[in-house]
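Chemist: Take a look at the following structure, please.
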Amino acid sequence: MPMRVKCNANYNNGRLATVQAEADGYDTAIFLNSRGKVSEGPGMCFFIVRDGIPITPSISNDILRVSLETLFCI
């Protein structure tokens, strides 16, 4: 199921990915899009701040616009 789909059935994918990541010795999972680029994590979006400017995956990377809008409001 595409990560862009936000429904109860899709949240199970995040839980399964977290369980697998923890079994492999990691703290959590990082989801990649179909092009192998970082998209998001279970219950989180990713960004870095470079020179005071937040840099996020683009909305073409399957991240929801609402996630980006929330980030910029914070």
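Every read-out reported here was derived from the displayed coordinates using simple, explicitly stated rules and does not represent laboratory data. All of these numbers come straight from a predicted model, not from anything done at the bench. So basically every Cβ, Gly included, is an ideal-geometry build from the backbone, and we count neighbours across all protein chains shown.
Chemist: Given a Förster radius of 30 Å and the C-beta distance between D27 and D51 as r, what FRET efficiency does 1/(1 + (r/R0)^6) yield to the nearest 0.05?
Modeler: Between D27 and D51 the formula returns 0.60.
Chemist: Say each of V19 and R35 gets a label point 7 Å from the Cα, pointing the same way as Cα to Cβ; how far apart are those two points in nm?
Modeler: In this crude label model, V19 to R35 measures out at 3.2 nm.
Chemist: Right, another one. For a quick check: with amide H placed at 1.01 Å from N, whose amide H comes under 5 Å from E40's, ignoring anything fewer than 5 positions away on the same chain?
Modeler: Those qualifying (amide H under 5 Å, at least 5 residues apart or on another chain) are F31.
Chemist: Going by C-beta contacts inside 10 Å, put V49, V19 in order with the fewest on the left.
Modeler: On the way: V49 8, V19 12.
Listing V49, V19 from fewest to most nearby Cβ atoms yields V49, V19.
Chemist: Hey, what do the phi angles of the stretch 17-23 turn into as Karplus ³J(HN,Hα) couplings, whole Hz, using 6.51/-1.76/1.60 and θ = phi - 60°, x for Gly and Pro?
Modeler: 5, 5, 4, 5, 4, 5, 5
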